[in-house]
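Comments concern the structure below.
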Amino acid sequence: METIFAEATPPGRGGVTVVRLSGPMAREALESLAGSLSTPRRSYLRSLRDGQDLIDQALVIWFEQGQSFTGEEVAELHLHGAPVIANRLAQALLVRGLRRAEAGEFTRRAFLNGRIDLAEAEGLADLLSSETEAQRKLAMRTADGELGRKVEALRANLVRAGALVEASIDFADEEVPEDVPLEVFNLLDLVRSEVEAMLRTYPATERLRQGYEVAIIGPPNAGKSTLLNKIGQREIALVSDIAGTTRDILELRADLRGLPVVFLDTAGLRDSADPIETMGVQRAMDRARNADLRIHLSDQGVRMEPFFDGDLIVRSKSDLGTGDGLAISALTGSGIEALLDQVYDKLRVRAANSGLVAHRRQAEALERARSALDIDSSLSPEFLAEAIRQAAQELATMVGRVGAEDYLDEIFSSFCIGK
Ligand SMILES: Nc1nc2c(ncn2[C@@H]2O[C@H](COP(=O)(O)OP(=O)(O)OP(=O)(O)O)[C@@H](O)[C@H]2O)c(=O)[nH]1
Ligand SMILES: [K+]
Ligand SMILES: [Mg+2]
């Protein structure tokens with residue numbers, strides 16, 4: 001096993017740069033620069049020297065194998081935050097036979113050494129890419145192992161059910177089969193209903209993780225682009241009094257009171273002789289259909305039917321005269337907060353339905369466990385035992401105890417170097 005190193009802090013100047021080493025040579029490499037360090041998990045202020053060259057004064061610490069994030073021997077060096085210092089240290093470490101870590105390699109080693117399960121690794125990746133409070137909370141629960149513990153508890157129930165069935169097979173004499181105990185069916189019902197409950201929350205959870213899409217749609221010149229710019233407080237979209245200004249879909253990522261929301265500005269909906277505009281309208285419709293919510297914007301007095309259920313019907317340009325229902329003026333800003341309140345309220349209801357299963361990989365493993373458990377209670381004990389074993393296997397896959405190889409590259413490459 002090679003010893004790896006990487007900066008754990010972002011590149012560039014700063015107060016400190018933390019460099020982390022992991023692997024069998026971590027302590028030895030550190031001591032060759034900092035002198036001997038008797039006690040693990042204690043920080044020492046030391047001069048780092050590569051031969052005669054003083055690299056830096058640094059706070060250093062080492063962790064013994066089994067007592068670190070990766071589970072390997074780990075060393076940490078807190079250097080003064082200048083890239084030249086970290087580069088000089090890297091040179092000294094390369095000479096000593098260490099190599100630079102790849103993206104996510106520390107976390108990958110933590111997984112391979114059983115320090116975290118795969119769901120925790122996914123949670124950690126989500127945590128690092130969280131942009132809003134709701135995403136942080138969701139990711140933190142998974143990173144903290146909540147999902148893994150829950151799935152392990154279900155798997156333990158299956159293991160018990162399986163053992164009971166096996167026992168009934170073993171004790172049955174040739175002629176008279178032993179009845180499968182009722183407890184088995186109770187355990188299976190419990191696991192099935194928990195798995196189903198988790199699967200029900202998956203779509204809402206996945207959405208919360210990725211962010212909600214709110215499409216602004218309506219006829220040309222309704223003021224859609226002006227509204228997007230107003231929400232984003234910058235000039236994202238071109239605005240003009242020429243109908244058909246917007247063609248491509250423009251996205252604004254926003255933190256709406258803690259919820260991750262992508263607002264979409266779209267081409268004004270109308271029949272047009274211009275083929276490019278028609279393509280834009282097609283895109284607008286396709287994207288709007290799949291969005292979580294649509295703000296359906298139109299001028300005062302224009303008759304509007306909602307395209308989709310639950311759309312927010314909003315009148316624009318209220319500064320030019322008052323109309324019916326929810327009205328905004330992107331010019332004066334009036335009504336915008338009330339509109340965002342309504343968007344928030346609708347999305348919050350969806351967020352409230354979220355649970356812990358936020359990734360397709362996790363949901364697919366649960367789906368397979370559910371179909372394995374979709375069994376007829378009149379099955380022979382042998383078939384029952386096989387179905388239970390299969391379902392337990394799928395739950396083990398979900399937390400990465402088995403069969404995780406195919407997912408590792410995908411999951412760990414989403415981390416940055418040094419994590
Ligand atoms: N008075 C007033 N004018 C507005 C308001 N919002 C937008 N406008 C004007 O309405 C015109 C059209 O605005 P856009 O934002 O380009 O409209 P759009 O819906 O994006 O139009 P398309 O992209 O062509 O579909 C521009 O001249 C804007 O300045 C408003 O609240 N009040
Ligand atoms: K326009
Ligand atoms: Mg526009």
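The values are calculated or read from the model by the stated rules, or taken from the named source; none is laboratory data. Fair warning: this is a prediction, and the values are worked out from it, not measured in the lab. Using ideal geometry, Cβ is built from the backbone for each residue, glycine included, and neighbour counts are taken over all protein chains shown. Surface areas here come from the heavy atoms of the whole protein model, side chains and all, with no ligands, DNA or RNA. Shrake-Rupley method; radii C 1.70, N 1.55, O 1.52, S 1.80 Å.
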Could you list, in sequence order, the residues of segment 202-247 that are within 6 Å of ligand 1 (Cβ to nearest atom) and free of Cβ contacts under 8 Å to residues at least 60 places away in the same chain? Pro220, Ser225, Val239, Ser240, Asp241, Ala243, Gly244, Thr245, Thr246
If a residue has to be more than 10 Å from ligand 2 (Cβ to nearest atom) and open to solvent by less than 10 Å² (accessible area, probe 1.4 Å) to count, how many in segment 211-227 make the cut? 8
Which residues, counting only those in segment 251-265, are away from ligand 2 (no atom under 13 Å from the Cβ) and touching a strand residue (DSSP E or B) at 6+ places or on another chain (Cβ under 8 Å)? Glu251, Leu252, Arg253, Ala254, Asp255, Leu259, Pro260, Val261, Val262, Phe263, Leu264
Please specify each residue of segment 324-379 satisfying the condition of being closer than 27 Å to Met140 by Cα and of a type in the set (Val, Ile, Thr). Val343, Val349, Val357
What tally of residues in segment 133-151 results from selecting those that are within 22 Å of Leu366 (Cβ to Cβ) and either small (Gly, Ala, Ser) or surrounded by 19 or more Cβ atoms within 10 Å (Cβ to Cβ) (or both)? 9
Please work out if Asp248 is within 11 Å of ligand 2 (Cβ to nearest atom) and charged (D, E, K, R). no
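Condition check ((1) assigned to a helix (DSSP H, G or I); (2) surrounded by 17 or more Cβ atoms within 10 Å (Cβ to Cβ); (3) over 17 Å from the mean Cα position of the chain (by Cα)) across all residues:
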residue	(1), (2), (3)
Ala330	no, yes, yes
Asp341	yes, no, yes
Leu356	no, yes, no
Ser371	yes, no, yes
Leu384	yes, yes, yes
Glu394	yes, yes, yes
Ile411	yes, yes, no
Name the pairs whose Cβ atoms lie under 6 Å apart, with the first residue in segment 370-389 and more than 19 Å from Glu194 (Cα to Cα), the second of a type in the set (Ser, Thr, Tyr) and in a helix (DSSP H, G or I), and 6 or more positions between them or separate chains? Pro381/Ser168
Mind listing just one residue for me: the one in segment 248-259 that is in a strand (DSSP E or B) and in contact (Cβ under 8 Å) with a residue 60 or more places away in the chain and, of those, farthest from Arg350 (Cα to Cα)? Arg253
Those strands (runs of 3 or more DSSP E) completely within segment 1-107 that have 3 or more residues that are buried (at least 20 other Cβ atoms within 10 Å of the Cβ) are 4-7, 14-22, 53-63, 74-81
Do you know which of the residues in segment 228-245 that are within 10 Å of ligand 2 (Cβ to nearest atom) and within 19 Å of Ser298 (Cβ to Cβ) is surrounded by the fewest Cβ atoms within 10 Å (Cβ to Cβ)? Asp241
Hey, does segment 163-178 have a residue that's within 34 Å of the chain's Cα centre (by Cα), in a helix (DSSP H, G or I), farther than 30 Å from Asp274 by Cβ and not hydroxyl-bearing (Ser, Thr, Tyr)? no
Residue ID - most open to solvent (accessible area, probe 1.4 Å), chosen from residues in segment 108-122 that are of a type outside the set (A, V, I, L, M, F, W, C) and in contact (Cβ under 8 Å) with a residue 40 or more places away in the chain: Arg115
Given the condition within 31 Å of the chain's Cα centre (by Cα), within 20 Å of Leu227 (Cβ to Cβ), at pLDDT 95 or above and open to solvent by 70 Å² or more (accessible area, probe 1.4 Å), answer yes or no: does some residue in segment 291-300 qualify? no
Within segment 260-281, residues being near ligand 1 (Cβ under 7 Å from one of its atoms) and either in a strand (DSSP E or B) or not hydrophobic (A, V, I, L, M, F, W, C) (or both) number 2
Go over the candidates Asp286, Asp292, Asp265, Asp271 one by one and state the one that is in contact with a Leu (Cβ under 7 Å, 6 or more places away or on another chain) and more than 15 Å from ligand 3 (Cβ to nearest atom). Asp292
